[in-house]
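*Asks:* Got a structure here, written out as structure tokens. Questions coming.
The values are calculated or read from the model by the stated rules, or taken from the named source; none is laboratory data. Keep in mind that what you see is a predicted model, and the values were worked out from it rather than measured. Note that each Cβ is placed from the backbone with ideal geometry, even for glycine, and that neighbours are counted across all protein chains shown. Ligands, DNA and RNA are stripped out before the accessible areas are found, and what is left, the full protein with its side chains, is counted by its heavy atoms. Shrake-Rupley method; radii C 1.70, N 1.55, O 1.52, S 1.80 Å.
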Amino acid sequence: MGVAADALVATTAEVLACPDLDEGMLAPWERRRLAGIRVPGRRDDVVAARLLLRLCVSRVTGRLPREVEPAQRCPGCGQDGHGRPYLPDHPGLGASFSHADGLAATAVGPGPVGIDVEPLARRPGPLPVLRRLLPEAEVDAARAEPDPGPALLRLWVRREALFKAGRDDVRLTGWTDHRRGAVVALAGSGPWSGAGPGPALSPASALSPAPAPPSGR
């Protein structure tokens, strides 16, 4: 076994350049889904997120990334192949991944887990949509900050992480990865690893672990 829980954030380019990861690791059902993505950049983001998930599972379980076989199931319709990821071989571990415009993030740990990543320059909206999807008091508080755009983005990714975890009473943290231009939120009990990448990743050392969340929400 590796660490108890792990979260990784990377650019799509960093993941695709990692010598320990390649698209051939994806399952046939994942490759079929990729066939329907017509925008090359978005396809690369999806591939990167799914490969990064395998790396994250590897760091937690000690298995090789190519041996990891995640699955997905939609909690709404109950169908496989889309929706929340899970690990059939590790039912006690939660898993989550996210991708957006050249960024990928993933988390694996005990119990419910959710992670979300967005580009730092993105601005969520419009406001009526935010008020419908997010707690109104939190939206108002974010809009009252000196720079409401980044505040609303942080609020958005935090709520997305909780949604992906499937509950709102789990430990929650958010941070900004300025080097990658990313805003990240992580929901889950952890404890999250703060260790650096192992020797096998030295050619792609830019694949960095997420910072360990502070205690509390």
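*Asks:* When the stretch 112-132 is examined, which residues are found to be more than 19 Å from Gly174 (Cα to Cα) and either open to solvent by 60 Å² or more (accessible area, probe 1.4 Å) or touching a residue at least 24 places away in the same chain (Cβ under 8 Å) (or both)?
*Replies:* Listed by number, the residues that qualify are Gly125, Pro126, Pro128, Arg131, Arg132.
*Asks:* Another one. Could you say whether any residue in the stretch 84-95 is assigned to a strand (DSSP E or B), open to solvent by 60 Å² or more (accessible area, probe 1.4 Å) and touching a Ser or Thr at 6+ places or on another chain (Cβ under 9 Å)?
*Replies:* Yes, because at least one residue in the stretch 84-95 is assigned to a strand (DSSP E or B), open to solvent by 60 Å² or more (accessible area, probe 1.4 Å) and touching a Ser or Thr at 6+ places or on another chain (Cβ under 9 Å).
*Asks:* Also, I was wondering about something else. Give the residue that is surrounded by the most Cβ atoms within 10 Å (Cβ to Cβ), with candidates limited to residues of the stretch 21-35 that are part of a helix (DSSP H, G or I) and without any contact (Cβ under 8 Å) to a residue 40 or more places away in the chain.
*Replies:* Glu30
*Asks:* Now a separate question. Consider Arg66 carefully, then state whether it is touching a residue at least 40 places away in the same chain (Cβ under 8 Å), surrounded by fewer than 16 Cβ atoms within 10 Å (Cβ to Cβ) and of a type in the set (Lys, Arg).
*Replies:* yes
*Asks:* Let me ask something additional. Looking at the stretch 40-53 only, could you name the residues that are surrounded by 22 or more Cβ atoms within 10 Å (Cβ to Cβ) and of a type outside the set (A, V, I, L, M)?
*Replies:* Asp45, Arg50
To keep it simple, each residue is scored yes or no on (1) open to solvent by 10 Å² or more (accessible area, probe 1.4 Å); (2) at pLDDT 75 or above.
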residue	(1), (2)
Pro150	yes, yes
Val157	no, yes
Gly166	yes, yes
Ala200	yes, no
Pro203	yes, no
Leu207	no, no
Ser215	yes, no
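*Asks:* Cβ-Cβ distance below 7 Å, separation of 6 or more or different chains: which pairs start in the stretch 175-193 with a residue that is touching a residue at least 60 places away in the same chain (Cβ under 8 Å) and basic (Lys, Arg) and end on one that is open to solvent by less than 20 Å² (accessible area, probe 1.4 Å) and not in a loop (DSSP other than H, G, I, E, B)?
*Replies:* Arg180/Val9; Arg180/Leu103
*Asks:* Is there a residue in the stretch 97-106 that is open to solvent by 60 Å² or more (accessible area, probe 1.4 Å) and either free of Cβ contacts under 8 Å to residues at least 24 places away in the same chain or touching an Asp or Glu at 6+ places or on another chain (Cβ under 9 Å) (or both)?
*Replies:* Checked against the condition, which is being open to solvent by 60 Å² or more (accessible area, probe 1.4 Å) and either free of Cβ contacts under 8 Å to residues at least 24 places away in the same chain or touching an Asp or Glu at 6+ places or on another chain (Cβ under 9 Å) (or both), the stretch 97-106 yields at least one hit.
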